[in-house]
Amino acid sequence: MGWKVFGLLCLGMGQVIADGLVEEEGQGISFLKGITITQQHVDVAKAFVDYMFSYKERHPENQIPETKIEDTKIEVTIPAIASHVTMRIGVLSDYFPFTVKQGNNFVGFEVDLMKLIAEEGNLNCAFQGMSAMEMNQKFCDKSIDIGVGAWLKDTTAEKNFEFSVGYLGTDLGAVAPRKNRGSVKLSFVGKKIGVLKNTYLETYMRSANIQDAEMITFNTAGEMLEVLRDVQRKQLDIALIDKNTAQHWIAKNPELEYTSLNMTKEYAFCVAKGSPLLKTINRGINKILGTQKFLELKRRWSIDGN
């Protein structure tokens with residue numbers, strides 16, 4: 001018989017005697033198939049029950065302390081970025097297929113990728129179009145948090161912002177009218193070469209020190225393409241650009257041709273210096289890379305690269 005059952009039986013016997021059931025002077029109570037319980041049995045049972053219920057007083061060291069309300073509070077570590085924070089995102093809006101303005105909205109591979117990252121971090125996105133020069137200024141005065149627009153990762157360009165981890169590699173090359181293809185392959189000497197302002201390729205051209213070459217900078221990819229197509233005025237011979245952008249230019253302008261410079265870089269996002277969003281963006285990129293969602297985005301926007 002277990003101790004708990006025995007204790008309950010003892011309590012039951014005590015209650016029977018207390019109620020005076022079939023109790024006679026000098027005699028016990030007969031029940032349970034002839035077993036007779038005497039007063040001595042009752043006294044022993046009561047002593048045992050008293051002993052069992054006095055365990056708490058005799059062994060306070062084994063007792064579980066009472067829980068106070070304040071002890072039940074769960075310590076919450078506040079993340080660097082709270083839920084539903086709105087990311088202010090500057091967009092180079094003329095950089096198809098990465099970023100482009102469609103009506104009053106922005107679309108493109110990087111716009112969709114930023115939305116996926118925001119979804120992972122429970123954040124909101126607020127996009128605003130601007131040029132590369134405006135983007136740098138807005139980073140300087142802290143009026144944007146992130147910049148998108150097929151930026152090539154270049155640590156020498158980090159003044160008012162930092163680059164995220166790269167999300168995709170790409171080839172860099174030159175786009176020129178087909179008749180000039182031979183000169184593009186052989187040399188840039190004496191050519192008018194277009195680059196976008198405040199980008200890796202501008203830094204590259206300034207350090208290349210090509211003989212008699214003239215570098216012409218543009219605020220947007222669209223502006224540079226239009227000047228390159230104007231072969232009559234011959235204001236531009238070559239445009240340096242990433243392969244993905246070049247492929248879309250050529251798809252709509254078959255008179256142009258792309259030649260690789262055998263240079264590779266990584267696309268990345270620009271994030272304001274010191275912003276806690278940098279960790280959030282990096283974590284989101286690393287989580288999304290290689291997933292079905294990421295591969296679907298590449299297919300949707302015909303993005304090349306690894």
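The values are calculated or read from the model by the stated rules, or taken from the named source; none is laboratory data. Quick caveat, the model's predicted, so the values are computed rather than measured. Ideal geometry is used to build each Cβ from the backbone, glycine not excepted, and the neighbour counts take in all protein chains shown.
Highlighted here are the helices (runs of 4 or more DSSP H) found entirely within the range 123-230 that include at least 2 residues which are at pLDDT 90 or above and closer than 30 Å to GLU255 by Cβ: 200-208, 221-229.
To keep it simple, each residue is scored yes or no on (1) surrounded by fewer than 20 Cβ atoms within 10 Å (Cβ to Cβ); (2) among the hydroxyl-bearing types (Ser, Thr, Tyr); (3) over 30 Å from GLU257 (Cβ atoms).
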| site | (1), (2), (3) |
| --- | --- |
| ASP145 | no, no, yes |
| SER164 | no, yes, yes |
| VAL189 | yes, no, no |
| LYS197 | yes, no, no |
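Just one residue in the set GLY129, GLY121, GLY108 is on the phi > 0 side of the Ramachandran plot and not assigned by TED's automatic domain parsing to the domain that holds GLY222; that residue is GLY108. When the range 119-167 is filtered for residues that are of a type in the set (Gly, Ala, Ser) and under 16 Å from LYS279 (Cα atoms), the ones remaining, listed by number, are GLY121, GLY147, SER164, GLY166. On the phi < 0 side of the Ramachandran plot, in contact (Cβ under 8 Å) with a residue 24 or more places away in the chain, of a type in the set (Gly, Ala, Ser) and surrounded by fewer than 17 Cβ atoms within 10 Å (Cβ to Cβ): is that true of SER260 in this structure? Answer is yes for this residue.
Quick check: anything in the range 244-251 under 22 Å from ASN136 (Cα atoms), in contact (Cβ under 8 Å) with a residue 12 or more places away in the chain and either buried (at least 19 other Cβ atoms within 10 Å of the Cβ) or not assigned by TED's automatic domain parsing to the domain that holds ASN286 (or both)?
Yes, that holds for at least one residue.
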